[in-house]
Structures are given as C-alpha cells and as structure tokens.
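The values are calculated or read from the model by the stated rules, or taken from the named source; none is laboratory data. None of these values were measured; they are calculated from a predicted model. Note: ideal-geometry Cβ built from the backbone for every residue, glycine included; neighbour counts use all protein chains shown. For accessibility, only protein heavy atoms count, side chains too; no ligands or nucleic acids. Shrake-Rupley method; radii C 1.70, N 1.55, O 1.52, S 1.80 Å.
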Amino acid sequence: MLYIVGLGLSDERDITVKGLEAVKGSERVYLEAYTSILMVPKERLEKFYGKEVIIAHRETVESDSDSILRDADKVDVSLLVVGDPYGATTHTDLVIRAHELGIQVKTIHNASIMNAVGATGLQLYSFGQTISLVFFTEDWRPDSFYDRVKENSDIGLHTLCLLDIKVREQSIENMMRGRQIFEPPRYMSINLAIEQLLEVEEKRQQKAYTKDTLAVGVSRLGSDDQIIKAGTLKQLLTEDFGAPLHSLVLVGSRLHLLEAEILRSNAVDLEGLNLVLKRDFGIER
C-alpha cells in the first residue's frame, strides 16, 4: 500500500492517529518538502514517529516517482505531505502512477490552509477561486491570477492568495551548466505579495482590488504563535507578520455581519476598519 498522509499545518503532533499508525507500519517514509513546510525539522518527526524520514525533493516526486513506489505492491510506503495530501497536483500525479503499477493507494487527510483559513472569521462558503502569487523577476511578472480575483470580486467572494516558496531552486546559470548548486530557500511575505498585487492593479486598472481593499493577513496558521491581522492592503503593507509561512485573503463584498465582528477583533486599526466596513459594506455597529 502507498499511504499519502497529511501532516496538518504546524508540527509533528498534528498528524492524525490514523496517519501515525500508517507511518509506524511503513517500511519507508518520505517527506515531500517543496510545496509547503512544517515549522519543525524532520528530526522531530523522526523522534515522534520512531521512523527514519527520507526527504523527497521536487525532482524525486515529479521525475523519479518510481523510487518512492518501489515495492509498494509488497510493503507499505508512506509519503508525508504538509497540510492535506491534495493541496498540490503533484500528489495526484503520483496516485495516477501508482494505479498504473497496480499499487493500492490510501489517503489520510488533515487540515490545510484551504480550510484552516476559516480561523480568520471569514466563512468558507464565501470563498471563490484560490490564487497563487509567485515571486516576480526582472523579466517575468505574471498577472494571469488577476482575472480570477476579478471574477471573485465581481460576485462578492473572498479570495485566498497562496504565497510562493522557493526550495532547492537553481539559478539559470547553474541549471544550464548542470551544477547541483541550489539557492537559499525563500518564502514570500504578505508585504511583498501586496506590493506585487498593487503593481498588477496599476497595470490592469480594472479595480479587482485597490490599496483600500479590506484584507486579512495570516502567518504560521495552526501554530501557537499564529498571527491574524485585518486591515486595508495599504495598512497591511507595513505590518510585521514574522516568520513564514504567510497567506493573504482579499475580502469580498458579501461580507456578513458575523464575519465583520471577527475582523474587528483582529483589526490593526479598529477605528479605520469600522470606517471601511461602513463605507464599503454598509455595516455599522
């Protein structure tokens, strides 16, 4: 059996009982280490699980999946995924490959940013399409996400923005020369994400959002030191959200009274937030 085990959001203790049983019974245990990160090193996982954990980099999962699936028709193998197993399409590809080889697959789900974002007080039913924001470079500044934000905005839905992480990335020069030299890990901050969002709005000018759009920034969601802050994009631009991982939500116009009340409790400027709620949503206390 191939087990694909969700680890949840924070540390080694977030694994489910069912997931822990699968890990303890597996001959090999891999940790997918590029679509997201846990907030603890793999050594803490190994101590808690009582198993060696093998880091599976992008090239392993995407290009050498047979090494993970080796003998999985005869023994149990676990692939650990931060959050929920199907937060990234990479893992769907692995399942398809396992089925082609006649290997049984069992998925053990867990919390992910896609449902834990409800901690902001925004109702999950009122979220539209999720977008990903990637690091801009000098000659690559993609804005295709903007159309999805505009579609959400037009019908009043919230937009969850997932922010880029770069792990084991190579420079163009090292890639061309075939050198296995990797850049230091980088994790997009809420502050940079807002800068890029506003740059694209300035370019597109369709008012999918503005610097005065209400938003919620979250960092290290699910951990003991998680941060949730509500304010306009302009306000959040200068806020400190600490260590990664960061995510951002653009608030839609269908905002409910109860949602507004939770936003007030996380406001960086309560008086300013109340003005925005009255101006943009017609919500007063």
Determine whether Leu45 is in contact (Cβ under 8 Å) with a residue 24 or more places away in the chain, in contact with a helix residue (DSSP H, G or I) (Cβ under 8 Å, 6 or more places away or on another chain), crowded, with 18+ Cβ neighbours inside 10 Å and outside any helix (DSSP H, G or I).
no
Exactly one of Val61, Val40 is closer than 16 Å to Val105 by Cβ and in contact (Cβ under 8 Å) with a residue 24 or more places away in the chain, and that residue is Val61
For region 1-21, pairs from a residue that is touching a residue at least 60 places away in the same chain (Cβ under 8 Å) and on the phi < 0 side of the Ramachandran plot to a residue that is of a type in the set (Ser, Thr, Tyr) and crowded, with 20+ Cβ neighbours inside 10 Å, with Cβ under 6 Å and 6 or more apart or across chains, are Tyr3/Ser78; Val5/Ser78
Checking Ala260 against (1) crowded, with 20+ Cβ neighbours inside 10 Å; (2) under 23 Å from Phe145 (Cβ atoms); (3) at pLDDT 95 or above, which test does it fail?
(2)
I'd like the full set of residues that are aliphatic (A, V, I, L, M) and either open to solvent by 20 Å² or more (accessible area, probe 1.4 Å) or at pLDDT below 95 (or both), limited to region 92-132.
Leu94, Val95, Ile96, Ala98, Leu101, Val105, Ala111, Ile113, Met114, Ala116, Ala119, Leu124
Scanning for something among the acidic types (Asp, Glu), part of a loop (DSSP other than H, G, I, E, B) and either modelled with pLDDT of 95 or more or open to solvent by less than 80 Å² (accessible area, probe 1.4 Å) (or both), does region 185-201 turn up at least one residue?
no
In region 133-159, how many residues are touching a residue at least 12 places away in the same chain (Cβ under 8 Å) and open to solvent by 70 Å² or more (accessible area, probe 1.4 Å)?
4
Report whether or not Gly272 is in contact with a helix residue (DSSP H, G or I) (Cβ under 9 Å, 6 or more places away or on another chain), more than 30 Å from Lys166 (Cβ to Cβ) and modelled with pLDDT of 95 or more.
yes
Residue list for region 237-263, filter: without any contact (Cβ under 8 Å) to a residue 24 or more places away in the chain and either within 26 Å of Met188 (Cα to Cα) or not in a helix (DSSP H, G or I) (or both):
Asp240, Gly242
Test Lys74 against the criterion of being open to solvent by 40 Å² or more (accessible area, probe 1.4 Å) and more than 30 Å from Asp224 (Cα to Cα), and give yes or no.
yes
